[in-house]
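Engineer: Structure incoming, see below.
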Amino acid sequence: MLSDGVSAAPSAAPSASAGAVEVSDNGRELTFTVGAGQANELEISETFVNGTDIEFVIDDVAPLTPGNGCAHPDASDATRVTCTVVTVDSQSPYRVLALDSGDGDGTVTVDNSTDAFFTDSFSLGAGNDELTSTGSVDSSGVSGGDGDDTLTVGPASIARGDAGDDTIRTTGDVAEGGPGKDVLSGGPGEDAEQQD
């Protein structure tokens, strides 16, 4: 093998894209899509700020890109954003947060202190993910996606493990294991536990 003395530079590893966080045009729903290839450690707090608006604070180890209705509270910290969602009177709960955590392994911790029946939706996607959601009225809908997931949710919640060997702990309404060897545990009340 002949060599001209010039070594090829190693190709750069592809970098993960930043997660995108934005409030819908009508101001009523926050959507958060994790960047491809990211392994996240998300901490999300959800609080009423004036009786009608909900403030979300999202903190991660990876950069977050704020869109409509969101901002970095500290310009030197690209991994933390705050967003405000406007609520309206409704006889039925409606979604105020939709999270898609992408294809990597990740942890999501949610502290919902709104004490109101607005719903949060979490799609954890592929990977071995862990989600813990707490609050006196949690009202989460969680889909574990592929992978071995650990889901812990509170009252008025629906948790689906989907494919993989999942562990679901809930004091909510429904736990569905899906394909795989799953462990389901419910709290007080009339729970429906479904396992394939």
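What follows is calculated from the coordinates using simple rules that are stated; it is not laboratory data. These numbers were taken from a predicted model, which means no experiment stands behind them. Every residue, glycine among them, receives a Cβ derived from its backbone with ideal geometry; neighbour counts consider all protein chains shown.
Engineer: I'd like to compare 161-170, 20-29, 114-123: which one has the highest average count of other Cβ atoms within 10 Å, and what's the full order after that?
Structural biologist: Order by mean packing, descending: 161-170, 114-123, 20-29.
Engineer: Taking the highest mean first, how do the peptides 79-89, 101-111 order by number of other beta carbon atoms within 10 angstrom per residue?
Structural biologist: 101-111, 79-89
Engineer: Determine, for each peptide in 43-51, 173-181, the mean count of other beta carbons within 10 angstrom over its residues, then list the peptides with the highest first.
Structural biologist: The packing order, highest mean first, is 173-181, 43-51.
Engineer: If you plug each phi of the range 161-177 into the Karplus form 6.51 cos²θ - 1.76 cosθ + 1.60 with θ = phi - 60°, what whole-Hz ³J(HN,Hα) values come out, in order, with x for Gly and Pro?
Structural biologist: Each residue of the range 161-177 in turn: x, 6, 5, x, 8, 10, 10, 10, 10, 8, 10, x, 9, 9, 10, 10, x Hz.
Engineer: Give, as a single signed number, the net charge of other residues whose beta carbon lies under 9 Å from the beta carbon of Asp162, with Lys and Arg counted +1 and Asp and Glu -1.
Structural biologist: Neighbourhood net charge equals -3.
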